[in-house]
Amino acid sequence: MNIDITFITINYNSSDLTIKLVDSIILQTVVLNFEIIIVDNASKEEDFKNLYNNLGLMTQVKIIRNKINSGFASGHMLGINDANEKYDLFINNDCILLDN
């Protein structure tokens with residue numbers, strides 16, 4: 001499958017927000033082939049487990065666990081290294097997609 005767009009987001013101790021974002025992407029992105037890359041920027045173990053337990057088995061989601069909190073820009077660059085897309089969309093994890 002050719003990927004049209006890669007959504008890249010950062011998680012740092014905010015897995016509930018990230019899960020809502022991913023749910024909205026899956027629900028609202030119906031005409032494009034997409035993947036979602038989540039870079040976990042050294043969240044607490046409990047938060048990472050919540051993220052992984054809710055999203056880790058989804059085929060369109062990749063979770064990258066960063067050992068250190070490298071910050072916003074560096075986290076996105078880490079995510080883009082694993083992207084397989086035509087376009088990249090950096091999106092904050094407190095956003096929700098409303099429609100296609």
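The values are calculated or read from the model by the stated rules, or taken from the named source; none is laboratory data. Owing to the predicted nature of the structure, the values given are computational and were not obtained by experimental measurement. Using ideal geometry, Cβ is built from the backbone for each residue, glycine included, and neighbour counts are taken over all protein chains shown. In case anyone asks, the SASA skips ligands and DNA or RNA and just uses the protein heavy atoms, side chains included. Shrake-Rupley method; radii C 1.70, N 1.55, O 1.52, S 1.80 Å.
What is the Cα centroid distance between the range 71-100 and the range 7-44, reported in whole angstrom?
Cα centroid of the range 71-100 versus Cα centroid of the range 7-44: 8 Å apart.
Of all the accessible heavy-atom surface of the chain, with the other protein chains kept in place and a 1.4 Å probe, what percent is carbon and sulfur?
Solvent-exposed carbon and sulfur of the chain make up 53 percent of the total.
How much accessible surface does L17 have with a 1.4 Å probe, in Å² rounded to 10?
Approximately 80 Å² for this residue.
Probe of 1.4 angstrom, ligands and nucleic acids ignored: what's the accessible area per residue over the chain, in square angstrom? If you can, show how the numbers build up before the last one.
Working: 5860 Å² over 100 residues.
Spelled out: the 1.4 Å probe surface of the chain, per residue, equals 59 Å².
Using just the helices of the chain, give the 222 nm mean residue ellipticity in deg cm²/dmol: DSSP H runs with n ≥ 4 each add -39,500 (n - 2.57), and the total is spread over all residues, rounded to 500.
Details: 3 runs with 34 residues, N = 100.
Computed mean residue ellipticity for the chain: -10500 deg cm²/dmol.
Taking the convex hull of the Cα atoms, report for the chain its projected area averaged over all directions, in nm². List each step's numbers first, then the result.
Values: hull surface 22.8 nm².
Hull-based average projected area comes out at 5.7 nm².
Binned at 10 Å from 0, what are the whole-percent values of the Cα-Cα distance distribution for the range 1-52, short to long?
For the range 1-52, the binned pair fractions read 25, 49, 23, 4 percent.
Anyone know which of N41, N50, N11 comes out most mobile in the 10 Å Cα GNM of the chain?
N50
Applying 1/(1 + (r/R0)^6) with R0 = 22 Å to the Cβ-Cβ distance of K20 and F90, what FRET efficiency is obtained, to the nearest 0.05?
0.80
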